[in-house]
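A.B. asks: Okay, here's the structure, questions in a sec.
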Amino acid sequence: MASVDLRDNLLGISWVDSGWPILNPGNVLDYFSERSNPFYDRTCNNEVVKMQRLTLDHLNQMVGVEYTLLHAQEPILYIIRKQQRQSPNQVIPLSDYYIIAGVVYQAPDLGSVIGSRVLSAVHGIQSAFDEATSYCRYHSSKGYWWHFKDQEEREKAKPKSKKKEEPSSLFQRQRVDTLLLDLRQKFPPTFYQPKPGEKPIPVEVKKEPEPPVESVKQEEREPAAKAPAPAPAAKAPPEKRARLQ
């Protein structure tokens, strides 16, 4: 069952035999035809020629599956092709294998390459959508918004800018000026400073002259003299007496 699984997924495996010496175009096909190699088909024409001890030139006269050396770049790269021979001049390519530093890999076909690229792109897009969905938040009163994990850290790292104080309104300034003027009149300053840094000078407060005591007493007497005398009380009419007859 393990060999079947390996043959079904040959694009994901590799094979190497470290017991072989340095490869060259003369022995690379013998190296590829080792029995432990999962990429080699033992029912191919190469195996028939090898058992009959014939040269590889006899493969052109046979019909069936065969392996041939397609390209060689000594001493590290070799490309072997598996093909279906139908006539001496007609073959159908089945698959290609490349050997790099003794390690054998199967070259993927065009459909496998496109499918792998599409799968990688779809996986990336799906991952991006999943991550974006995890940052989405919804509330019935607020609606939708984005909440990123590092948003709070960025806000904490940002330097806090001082809020500019709004200037006072005209009403506030006039109201304050009125209060200050009222306080100045009630509590006049006792010192003033001509220039910054100089010693304050006391303010001389002019006191109004007090009126003499005699004039005050006369003013108190005059209202009492001028006050009108109380009117005499009205007499009641005499009582009528009854006459005696």
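A.B. asks: Given a 1.4 Å probe and the protein chains all in place, what does the accessible area of residue 58 round to, in Å² to the nearest 10?
C.D. replies: Surface open to solvent at residue 58 totals about 80 Å².
A.B. asks: Here is a follow-up. In what sequence, largest accessible area first, do 33, 120, 18, 87 appear using a 1.4 Å probe?
C.D. replies: Correct descending sequence by accessible area is 18, 120, 87, 33.
A.B. asks: Looking at 36, 22, 54, which one has the Cα that reaches farthest to the positive end of the dipole of the range 16-57 (charges on Cβ: Lys, Arg +1; Asp, Glu -1)?
C.D. replies: Projecting each Cα onto the dipole axis, the largest value belongs to 54.
A.B. asks: Okay, next question. Can you put 51, 62 in order of accessible area, largest first, using a 1.4 Å probe?
C.D. replies: The most accessible residue leads, giving 51, 62.
A.B. asks: Given H placed on each backbone N at 1.01 Å, which residues far from residue 70 in sequence or on other chains put an amide H within less than 5 Å of it?
C.D. replies: 79, 80, 81
A.B. asks: Another question, if that's okay. Can you give the accessible area of residue 178 in Å² (nearest 10), computed on protein heavy atoms with a 1.4 Å probe?
C.D. replies: Taking all protein chains as shown, residue 178 has close to 80 Å².
A.B. asks: Please list 20, 146, 15 in order of solvent-accessible area, largest first, computed with a 1.4 Å probe with all protein chains present.
C.D. replies: Ranked from most to least accessible, the order is 146, 20, 15.
A.B. asks: Given R₀ = 25 Å, FRET efficiency for residue 90-residue 113 by Cβ-Cβ distance, to 0.05?
C.D. replies: Plugging the Cβ-Cβ distance into 1/(1 + (r/R0)^6) gives 0.40.
A.B. asks: Could I ask something else about it? Expressed in nm to one decimal, what extension gain is obtained for the pair residue 122 and residue 30 from 0.36 nm per residue of sequence separation less their Cα-Cα distance?
C.D. replies: Fully extending the segment from residue 122 to residue 30 adds 28.9 nm.
A.B. asks: Additional query: How far is it, in nm, from the label point at residue 177 to the one at residue 154 when both lie 7 Å from their Cα along the line to the Cβ?
C.D. replies: 4.8 nm
A.B. asks: Sticking with this one: What are the residues whose amide H is under 5 Å from the amide H of residue 15, where those residues sit 5 or more places off or on another chain and H is modelled from the backbone?
C.D. replies: Under 5 Å from the amide H of residue 15 lie the amide H atoms of 104, each far enough along the sequence or on another chain.
A.B. asks: Using the Karplus equation 6.51 cos²θ - 1.76 cosθ + 1.60 (θ = phi - 60°), what ³J(HN,Hα) coupling, rounded to whole Hz, does each residue of the range 81-91 give in order, writing x for Gly and Pro?
C.D. replies: 10, 9, 9, 9, 8, 10, 7, x, 10, 9, 9
A.B. asks: Using mean Cβ contacts within 10 Å as the protection proxy, how do 73-82, 182-191 order, highest first?
C.D. replies: Output ranking for 73-82, 182-191: 73-82, 182-191.
A.B. asks: Then there is this: Counting only other residues whose beta carbon sits under 10 Å from that of residue 71, what net charge do I get with K and R as +1, D and E as -1?
C.D. replies: 0
A.B. asks: Shape verdict for the range 10-118, please, from the Cα gyration tensor: rounded (a/c under 1.5), prolate (a/b greater than b/c) or oblate.
C.D. replies: Oblate shape, in that a/c is at least 1.5 and b/c is the bigger or equal ratio.
A.B. asks: Modelling each spin label as a point 7 Å along the Cα-to-Cβ direction, I'd like the residue 191/residue 74 distance in nm, to one decimal.
C.D. replies: Between residue 191 and residue 74, the label points sit 11.0 nm apart.
The values are calculated or read from the model by the stated rules, or taken from the named source; none is laboratory data. Just so it is clear, the model here is predicted, and its values are computed rather than measured. Glycine gets a Cβ as well: all are built from the backbone with ideal geometry, and neighbour counts include every protein chain shown. Surface areas here come from the heavy atoms of the whole protein model, side chains and all, with no ligands, DNA or RNA. Shrake-Rupley method; radii C 1.70, N 1.55, O 1.52, S 1.80 Å.
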